[in-house]
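Student: One structure, pasted below without further comment.
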Amino acid sequence: MRLRPWFYNTLYRFNAAPWDKEVRPQLVELVEAGRLTPTELPRVLDLGCGTGAESVYLAGRGFGPVVGVDFSAVGLRRARARAEAAGVTDRCTFVQADVTAGPIPGLADSYDLICEFGMLDDTQGEERLAVARAIHRLSRPGGKVLLWAFQADKEQLKGGAKMAPMIAPGEERELFGEAFELEYLPTRPRTLMLLMTRR
Ligand SMILES: C[S@@+](CC[C@H](N)C(=O)[O-])C[C@H]1O[C@@H](n2cnc3c(N)ncnc32)[C@H](O)[C@@H]1O
């Protein structure tokens, strides 16, 4: 099943998106620990940025330019309002686009840091490959990619859990292992938190 913009628009419109609560704590931890710094990684791309919590957080911590991309018009409306309220519109902008549809007009050639929280696992098949291609295309040698996804072996799940979008164990190595060094960060069961460095 392909998740369409109307699905996300509806969740955002009714404040019903379960992920849309706070800045992803793993991102905050890495920034607080000095592992991701605006000096080394100023130019940020937030793929599938939703309502912009991570984009605005990073802009507020001195990263920039920060560009958030999403295909949900409602999510982006919230993201722009959030950036406005935080006073970071000078270095945090948002672009409406489908990441699976090829090169995105208005983006730079590459970014120092790419955040991808929860979009790769929402795609399947050729669209998942297209997201991975976008990450390859838009990262630079030495640049970082922070990626979070649901991950499990569907054969081992029961009932409705089998329906949830997720990536298979090891799939991340097939998608990224050749071009990136993969660092597995601690995360809760059935999820994957990766900090990748482009070779
Ligand atoms: C699970 S949400 C995560 C949102 C945000 N990254 C966060 O962590 O709160 C996935 C986001 O990816 C966006 N998305 C999914 N498929 C997309 C695509 N093909 N192109 C652009 N955005 C997409 C959705 O609109 C949604 O905002």
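Student: Within the set of other residues whose C-beta is less than 15 Å from the C-beta of Ser139, count the net charge using Lys and Arg as +1 and Asp and Glu as -1.
Tutor: Around Ser139, the surrounding residues sum to -2.
Student: Could you give the distance between the Cα centres of region 114-149 and region 53-112, to the whole Å?
Tutor: 16 Å
Student: In the chain, once you exclude exposed GluC sites (Glu not before Pro) (DSSP loop, at most 13 other Cβ within 10 angstrom), what's the longest stretch remaining?
Tutor: 41-177
Student: So, one more: Which whole number of Å³ per residue matches the convex hull of the alpha-carbon atoms in region 16-122?
Tutor: 103 Å³
Student: Spin-label point model (7 Å from Cα, Cβ direction): what's the Leu182 to Ala81 distance in nm?
Tutor: With each label placed 7 Å out from Cα toward Cβ, I get 3.9 nm.
Student: Treat the count of other C-beta atoms within 10 Å as a stand-in for reagent exposure and order Asp46, Asp90, Asp121 from fewest to most.
Tutor: Neighbour counts put them in this order, fewest first: Asp90, Asp121, Asp46.
Student: Taking the C-alpha atoms of the chain, how large are the radius of gyration and the largest Cα-Cα span, Dmax, in Å?
Tutor: Both quantities, over Cα of the chain: 15.9, 48 Å.
Student: Using the Cβ atoms and a cut-off under 11 Å, what net charge is assigned to the surroundings of Gly75, where Lys and Arg are +1 and Asp and Glu are -1?
Tutor: Net local charge, Gly75 excluded: +3.
Student: Give, as a single signed number, the net charge of other residues whose beta carbon lies under 12 Å from the beta carbon of Val99, with Lys and Arg counted +1 and Asp and Glu -1.
Tutor: Residues near Val99 contribute -3 overall.
None of the figures in this text is laboratory data; all of them are computed from the coordinates on show. Worth saying up front: this structure is predicted, and the values here are computed from it rather than measured. Cβ sites come from the backbone with ideal geometry, for glycine too, and all protein chains shown count toward neighbours.
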